[in-house]
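A.B. asks: Below are the structure tokens for one structure; questions will follow.
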Amino acid sequence: MADADDDIEFEAEADAGEALSLALDGFEGPLALLLDLARAHKVDLAHISVSALADQYLAYIEAHAARMDLAAEYLVMAAWLAYLKSRLILPHPQITPEEPDPQELAAALRLKLMRLEEARAAAKRLMQMPQLGRDVFLFGDPQPVAVTRETAWRAELFDLLSAYCREAGKHVRREHKLKPRRAYPLAEARRRLEKALAEIEEWRPIEAVTPPPEAGAEAPPPASYLASTFGAALEIAREGKVELRQTEAFAPLFLRARHEPEPAA
């Protein structure tokens, strides 16, 4: 199993006068320095008295009762020193299958200590954030709460068809009938045009021979008079009784009576 003693870092924030300084056989100096040397295998832990270390730690606790954060930090350091020395002096007995592996227990302890350090660092970061009532202040008046409502429709095809049938049944079906409009009779237009042919010797526009529209609600529309007169003119022209002339498309239409040529003498 790999050695993971260097996985944990200690942050003892103490002044020179508050640091825990040890005076042991084989070492004199700060506890943090002793732990670093022990990790680097630069000090012989076999000559370090754990009992003397504990006595000096308790004396430090009594003298610095107000700095419990440093006391907790140094307690973890001292525990690690005791653990490192125990690995040197304790034999490695044969482990039965029913007993837990000491190395696994040590790894679990190191994992817990690492999580403790992470929790302390996270708590420190939280305390450094803006605090309510100190850095951030609330409004004096209560703030309205915005309520957002969303409608979720749940329906099957049968429900949709039923709703459509109900809505469609509310509307009354109406039948729209177109009333036929009166038209100027084609026969009447032909009769009037044949009667007027005797007077049409020169080219005249078709509007000149169209009868004036009648007045009243039941009277044919004015366009019907012109259309019937045009239809009558086409029929009479086919019979050879009238001539039609139009210079171009959509140009005015002219007509005149057609006279039979006189026979030569």
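The values are calculated or read from the model by the stated rules, or taken from the named source; none is laboratory data. Just so you know, these numbers come straight off a predicted model, no measurement behind them. Ideal geometry is used to build each Cβ from the backbone, glycine not excepted, and the neighbour counts take in all protein chains shown.
A.B. asks: I'd like to know if region 250-261 contains one or more residues that are of a type outside the set (D, E, K, R), in contact with a Leu (Cβ under 6 Å, 6 or more places away or on another chain) and not in a loop (DSSP other than H, G, I, E, B).
C.D. replies: For region 250-261, residues of a type outside the set (D, E, K, R), in contact with a Leu (Cβ under 6 Å, 6 or more places away or on another chain) and not in a loop (DSSP other than H, G, I, E, B): present.
A.B. asks: Return the only residue of ARG87, ARG115 being at pLDDT below 70 and part of a helix (DSSP H, G or I).
C.D. replies: ARG87 is the lone residue from the list that is at pLDDT below 70 and part of a helix (DSSP H, G or I).
A.B. asks: Give PRO222, PRO180 a once-over and let me know the one that is under 60 Å from the mean Cα position of the chain (by Cα) and at pLDDT below 90.
C.D. replies: Selected residue: PRO180, the only one of PRO222, PRO180 that is under 60 Å from the mean Cα position of the chain (by Cα) and at pLDDT below 90.
A.B. asks: I'd like to know if region 208-215 contains one or more residues that are surrounded by 10 or more Cβ atoms within 10 Å (Cβ to Cβ), more than 60 Å from the chain's Cα centre (by Cα), free of Cβ contacts under 8 Å to residues at least 60 places away in the same chain and in a helix (DSSP H, G or I).
C.D. replies: Yes: region 208-215 contains one or more residues that are surrounded by 10 or more Cβ atoms within 10 Å (Cβ to Cβ), more than 60 Å from the chain's Cα centre (by Cα), free of Cβ contacts under 8 Å to residues at least 60 places away in the same chain and in a helix (DSSP H, G or I).
A.B. asks: Counting only residues that are of a type in the set (D, E, K, R) and assigned to a loop (DSSP other than H, G, I, E, B), which one in region 163-198 is farthest from PRO211 (Cα to Cα)?
C.D. replies: ARG173
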